[in-house]
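Enquirer: Here's a structure for you.
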Amino acid sequence: MPYLHLSLGVNKAFLFRGFQMDQHNSTSLRISYSKSGTVFLQLFDRKRNIGSISADGQTYTKSINPSLHIHRKTNSIGFNNDLLRSGSFHWVTVKADGYSPLVTSRQYILEKGFFLHFKADGYEKQIFLPVTEFGIDKARQFESCRSNQQNLFGEVA
C-alpha cells in the first residue's frame, strides 16, 4: 500500500484531508497517510494505524477493540493529541464491532478531554474523552454555546 510521506521545509505546511502539518509539531512529522486517507503514526519500531480521514476532510474515524482501547480506570477513549490539535476536520467517530458508533466533535474533545502520556510504553501524548461524554447532541449543544459566547465577546470589543 503506497504512503504519502511528508518532507517539510522551513516554514512550510501541508494540508491533507483535514490535517494541518507543520515543522513545529513533532508528532505530525511521524504521521503518514495512505491514498485512501488511512492515518498512520510511526512509532520507534512499527507503524500504527490510528484511523482515517474522510474523503471530504470533515470526519476522522477511529476503529477500536473495546477490551484493548478503552482506558479502564477512566472509561475513556484516547486520541493522538497532535492530530486533534492540528486537524481541521470537524467530526470524530469511534467504531467498535457490535456497538453503535460514538460521535462527537474535535473541538468538544479538545475542551472536555484530559491528557495521559504513556511515554514509557512508547506511545505519543494522547487526549482522552470518557465514553459517557460522546454524543452528537452534546457536541452540537457545546458548539452552539461556544458560538454564542464568541459572538457575545465580539460585540463587547
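Enquirer: Quick check on segment 61-80. Is at least one of its residues at pLDDT 95 or above, among the small types (Gly, Ala, Ser) and over 24 Å from Glu143 (Cα atoms)?
Expert: Yes, some residue in segment 61-80 is at pLDDT 95 or above, among the small types (Gly, Ala, Ser) and over 24 Å from Glu143 (Cα atoms).
Enquirer: When the residues of segment 94-106 are filtered to those that are surrounded by 15 or more Cβ atoms within 10 Å (Cβ to Cβ) and not in a helix (DSSP H, G or I), which remaining residue is farthest from the chain's Cα centre (by Cα)?
Expert: Ala96
Enquirer: Please enumerate the residues belonging to segment 13-43 that are at pLDDT 70 or above and in a strand (DSSP E or B).
Expert: Ile31, Ser32, Tyr33, Ser34, Thr38, Val39, Phe40, Leu41, Gln42
Enquirer: Could you give every pair whose Cβ atoms fall below 6 Å, whose first residue belongs to segment 111-123 and is at pLDDT 75 or above, and whose second residue is aliphatic (A, V, I, L, M), counting only separations of at least 6 or pairs across chains?
Expert: Hits for this filter: Gly113/Ile127; Gly113/Leu129; Phe115/Ile127.
Enquirer: Have a look at Ile127, Ile77, Ile64, Ile70 and point out the one that is of a type in the set (A, V, I, L, M, F, W, C), touching a Pro at 6+ places or on another chain (Cβ under 9 Å) and farther than 16 Å from Ser32 by Cα.
Expert: Within the list Ile127, Ile77, Ile64, Ile70, the selection yields Ile77.
Enquirer: If you don't mind, another one. So, in segment 107-130, how many residues would count as being part of a helix (DSSP H, G or I), within 22 Å of Gln42 (Cβ to Cβ) and among the basic types (Lys, Arg)?
Expert: Within segment 107-130, residues that are part of a helix (DSSP H, G or I), within 22 Å of Gln42 (Cβ to Cβ) and among the basic types (Lys, Arg) number 1.
The values are calculated or read from the model by the stated rules, or taken from the named source; none is laboratory data. Since the model is a prediction, treat every value here as computed from it, not as a measurement. Note that we place each Cβ from the backbone using ideal geometry, even for glycine, and neighbour counts take in every protein chain shown.
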